[in-house]
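J.: First the structure, then my questions, so here it is.
Where a number appears in this text, it was derived from the coordinates with a stated rule and is not lab data. Small disclaimer: the values here were computed from a predicted structure and weren't measured. Backbone-built Cβ (ideal geometry, glycine too); neighbour counts: all protein chains shown.
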Amino acid sequence: MNNRFQALILRHLFLFAVIFLSSQLTACFDKNGNNGEVAHKPLPSTRLLKTLDKPFPAPDTVLMDMDDKPHKLSDYRGKPVIVNFWATWCPPCRAELPSMNRAWAKLKDDGVQMLAVNMAESEDTIFPFTGDYPIDFPILLDSNGEYAINWHVKGLPTTYIVDPDGQVVYQAVGGREWDNEEILDVVRSLKK
């Protein structure tokens with residue numbers, strides 16, 4: 001072999017070794033420098049909820065409930081929270097409310113919170129509605145719709161599942177049977 005060819009082979013081998021070692025070292029450290037540890041445990045899958053590829057911090061603001069009591073999402077840190085955006089005029093919202101109440105009955109003693117965020121309606125509209133469609137968990141008033149905009153709600157009903165660290169990890173657009181054990185098991189599995 002001539003010297004130029006040997007030098008070319010040695011250069012390629014050296015380059016390969018550098019690339020290989022670099023890839024091995026970076027595989028040992030995640031983006032947060034956690035030495036290979038996964039930042040969040042893998043989320044359980046379900047066909048009924050969309051797992052968000054990129055969880056994001058849940059928008060936090062103070063919303064009043066029907067009794068003028070303030071609620072802030074960060075007040076529920078440490079437990080999973082189901083946040084449902086709805087309106088009285090929305091047929092799929094009305095259809096899923098009985099299952100949400102059944103789900104709440106199953107979850108309320110399990111360290112899980114549910115919140116119904118009404119979209120831009122007055123208490124005068126919501127109160128008589130709850131006579132026909134009872135809601136047993138807190139109803140929060142997003143009177144101008146800004147909170148829903150912060151969540152990027154594009155249709156109703158839209159429901160998000162927030163993990164105990166305040167990260168939005170699941171989404172459901174459209175109605176669901178929320179008392180389905182597959183959904184409830186996924187929510188319960190988020191508890192610390």
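J.: Explain nothing, just compute: Karplus ³J(HN,Hα) = 6.51 cos²θ - 1.76 cosθ + 1.60, θ = phi - 60°, for every residue of region 162-179 in order, whole Hz, x for Gly and Pro.
T.: 10, 7, x, 8, x, 9, 7, 10, 9, 9, 9, 9, x, x, 9, 8, 5, 8
J.: Quote the relative contact order of region 50-189 in percent (integer), defining contacts as alpha-carbon pairs under 8 Å separated by 6+ residues. Write down the numbers at each step before the final one.
T.: Values: 260 pairs, mean separation 52.0, N = 140.
After rounding, I find 37 percent.
J.: Can you tell me how much longer the chain between PHE127 and SER189 gets when fully stretched, taken as 0.36 nm per residue apart minus their C-alpha distance, in nm with one decimal?
T.: Gain in length upon complete extension: 18.9 nm.
J.: How large is ³J(HN,Hα), in whole Hz, for each residue of region 61-77 in order, when computed from phi with the Karplus curve 6.51 cos²θ - 1.76 cosθ + 1.60 and θ = phi - 60°, using x for Gly and Pro?
T.: 8, 8, 10, 8, 9, 5, 9, 6, 9, x, 10, 10, 4, 5, 5, 9, 4
J.: Same structure, new question: Report the Cα centroid-to-centroid distance between region 140-186 and region 40-119 in angstrom, as an integer.
T.: 5
J.: Tell me, in nm to one decimal, what length is gained between ASP67 and HIS152 on full extension, where the rule is 0.36 nm per residue of separation less the Cα-Cα distance? Write out the running numbers ahead of the final one.
T.: On the way: separation 85, 0.36 × 85 = 30.60 nm, distance 2.66 nm.
Result: 27.9 nm gained on full extension.
J.: Name all residues of region 63-98 having a backbone nitrogen under 15 Å from the label point set 7 Å from the Cα of SER143 along its Cα→Cβ direction, giving them as ranges.
T.: 63-71
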